[in-house]
């Protein structure tokens with residue numbers, strides 16, 4: 001592989017006698033990983049039903065290697081059910097090492113395509129709120145789909161400059177993840193196009209962006225809260241240099257220990273101006289030391305916690321819940337707080353608790369999109385289906401993964417289900433594969449009219 005001469009010289013300095021081992025890793029095949037969605041299924045349950053061979057990623061409790069050259073993991077019904085996410089193994093580290101607790105208010109600043117946001121949302125277990133932002137509107141649309149497939153409803157999906165978010169979320173978040181735009185040096189083996197991109201926009205270009213983002217995020221973090229900063233590059237200016245800049249601007253930040261793994265390498269105090277030994281608490285992931293691509297991870301805490309200022313809350317617009325909604329949710333085993341219901345035109349949303357007024361922000365989703373309120377009826381959404389569990393909805397059509405009707409359903413076809421439902425059954429049915437939701441169908445006379453979202457359908 002032809003690497004830029006300037007990059008090679010830098011790596012020789014950074015790695016010293018390890019440089020030759022590093023260069024040899026370019027002869028190895030790229031690695032493929034999947035991460036289990038622990039909001040829907042336990043790791044043990046997934047291992048019991050996984051249809052292809054997987055091997056544990058030793059530093060990620062819910063991560064596994066698989067053979068991406070032999071297995072089409074994105075073509076399996078369990079993928080459509082949101083039981084796992086496909087992600088490069090090292091890239092699983094940032095969301096894994098940010099200590100999320102259910103009920104936290106969490107921001108993923110640069111969230112698309114959703115690999116880290118989906119893990120943060122799963123760790124929240126339906127409590128608190130996840131704000132997932134990406135400045136690119138087109139990428140944010142892909143982010144939204146991945147979050148909805150994962151069944152995460154306590155979410156705001158935004159597409160804004162991080163700086164604009166400051167006005168809405170001052171010292172609001174308990175935890176913030178910044179997977180920063182970077183020069184991508186750690187991805188050269190995985191994606192050779194990154195080399196050309198590096199030559200066009202190198203570390204100096206990205207360091208300016210990173211320093212802007214990290215200081216903006218600092219102002220949105222509560223005292224006592226934590227930021228996890230990560231990149232997929234090796235460059236000291238983008239890594240330790242950005243963290244040093246944050247600490248110079250906001251001295252109340254302290255670098256914290258990251259839960260260790262034997263393959264992790266320490267960050268490098270010697271590349272900083274301060275030579276501060278606390279940089280050894282940050283982590284460098286080298287592809288010749290671990291079975292993954294290159295990454296940098298730093299965890300910081302913002303001073304001591306203090307009593308929070310009261311947040312101005314958005315007010316629900318629904319004074320009286322329409323009967324059509326109440327009728328539908330009579331079959332849903334959820335404890336609904338109807339004061340959190342909001343409507344925009346005919347669309348109905350269930351808002352997370354404790355969010356500020358976000359009017360004026362460019363958003364793709366606020367809360368869980370429940371469905372559409374139309375004349376004399378309520379039509380449930382795909383995102384609601386993905387948030388439900390089998391036992392939480394009264395009327396279900398449960399198909400075995402090898403039943404040919406699963407693929408027909410995912411392709412948008414009408415299917416006959418008179419062999420598995422009561423002759424008297426009718427109306428909205430939650431379609432499941434081995435007990436895990438795929439979407440909706442509407443039943444009449446043993447035939448299920450397909451309501452699977454067209455944009456999500458199986459592509460041959």
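The values are calculated or read from the model by the stated rules, or taken from the named source; none is laboratory data. Given the structure is predicted, the values throughout are model-derived calculations rather than measurements. When we count neighbours, we look across all protein chains shown, and the Cβ atoms used for this are built from the backbone with ideal geometry, even at glycine.
Things worth noting here:
- Matching residues in segment 413-450 - criterion: being in a loop (DSSP other than H, G, I, E, B), in contact with a strand residue (DSSP E or B) (Cβ under 6 Å, 6 or more places away or on another chain) and without any contact (Cβ under 8 Å) to a residue 24 or more places away in the chain: 426
- Some residue of segment 179-190 being surrounded by fewer than 24 Cβ atoms within 10 Å (Cβ to Cβ) and over 25 Å from residue 12 (Cα atoms): yes
- None of 84, 65 is surrounded by fewer than 21 Cβ atoms within 10 Å (Cβ to Cβ), closer than 29 Å to residue 286 by Cβ and in contact with a helix residue (DSSP H, G or I) (Cβ under 8 Å, 6 or more places away or on another chain) except 65.
- Hey, residue 129 touching a strand residue (DSSP E or B) at 6+ places or on another chain (Cβ under 6 Å), surrounded by fewer than 24 Cβ atoms within 10 Å (Cβ to Cβ), within 25 Å of residue 381 (Cα to Cα) and not assigned by TED's automatic domain parsing to the domain that holds residue 409 or not: yes
- Helices (runs of 4 or more DSSP H) completely within segment 7-123 that count 2 or more residues being modelled with pLDDT of 95 or more and under 24 Å from residue 229 (Cβ atoms): 93-97
- Positions within segment 248-270 being under 22 Å from residue 207 (Cβ atoms) and without any contact (Cβ under 8 Å) to a residue 40 or more places away in the chain, in sequence order: 248, 249, 251, 265, 266, 267, 269, 270
- 2 or more residues surrounded by fewer than 17 Cβ atoms within 10 Å (Cβ to Cβ): qualifying strands (runs of 3 or more DSSP E) within segment 351-411: 368-374
- Qualifying residue in segment 312-324 (condition: under 22 Å from residue 217 (Cβ atoms) and modelled with pLDDT under 95): yes
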